Amino acid sequence: WAFLTWCRAWEWRSEENIWAASIRDGGRWDRPRINMAANYMRMGLYLKAKPIYEAMIRSHPQLGLPYSNLAYIYEKEGRRDLAMSTYRECVKRNPRMFQAWYNLAIALESIDLQAAGETYQVVLQIRPYWLPALNRLGMVYALQGDWVQAEWHCRQAHEGDPKMLDYLYNLAIILQEQGRHAEGIACLKQLPRNFNMTPEMLMRIQAPQPTC
């Protein structure tokens, strides 16, 4: 009996069951439902989170958060066009949600570099000197051949977090592309020997993240 009691107590303590109990008690689209969906997102259980966000949008279409995380799920499903339109619906409702702007910019990189760069600039207007956006905007400038802007943004990202090796690697590549090989090699020498990154992987750094 003591063992069964312990098992029931452990089951009750699990985050999913706590939020489920809160929803049963609350009976409406409130914080427990948002928390339950966020818990599914953290666990990678996107198919469980998806209907919660869809229902939240139907009942509360003015909220931005459900759109942002639903767009992230669409990206995971490979539905990029739908993801981008859903991110746009999110920022229309909450223009200050910089994570949604950031994820939209990443989605735009493969189809429109100019639009991606402009969207990263929106992120930096909302969240100045946010390092992931500085890094990605720097790489957009690099792909466009604007080495001055590319170096400035990637250097800002690296100086903001010297421990982020991806930022240092990007800066090294940009320096080498400008013919400044000694500076680029000096950056590369700071990387650990087991660091493995190729230019083809640059644009995958700092992938989209759920907003929850």
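Here are the numbers:
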item	result
Where only C-alpha atoms are counted, convex hull volume of region 38-139 per residue in Å³	97 Å³
Candidate residues Met43, Met36: accessible-area rank, largest first, probe 1.4 Å	Met43, Met36
For region 89-176, the fraction of alpha-carbon pairs in successive 5 Å shells from zero, as %	3, 17, 26, 23, 19, 8, 4, 1, 0
Relative packing of peptides 45-55, 59-69 - highest average C-beta neighbours within 10 Å first	59-69, 45-55
Local net charge near Arg127, Cβ-Cβ under 15 Å (Lys/Arg +1, Asp/Glu -1)	+1
Probe 1.4 Å - accessible area at Thr119, Å² to nearest ten	10 Å²
Residue pairs, from the table Lys50/Lys163; Lys48/Lys92; Lys76/Lys163, whose Cα atoms sit over 30 Å apart	Lys50/Lys163
Environment charge of Gln178, counting only residues whose C-beta is closer than 14 Å and scoring Lys/Arg +1, Asp/Glu -1	-2
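The values are calculated or read from the model by the stated rules, or taken from the named source; none is laboratory data. Please read these numbers as outputs of a predicted model, since none were measured by experiment. Neighbour counts are summed over all protein chains in view; Cβ atoms, including those assigned to glycine, are modelled from backbone coordinates with ideal geometry. Surface areas here come from the heavy atoms of the whole protein model, side chains and all, with no ligands, DNA or RNA. Shrake-Rupley method; radii C 1.70, N 1.55, O 1.52, S 1.80 Å.
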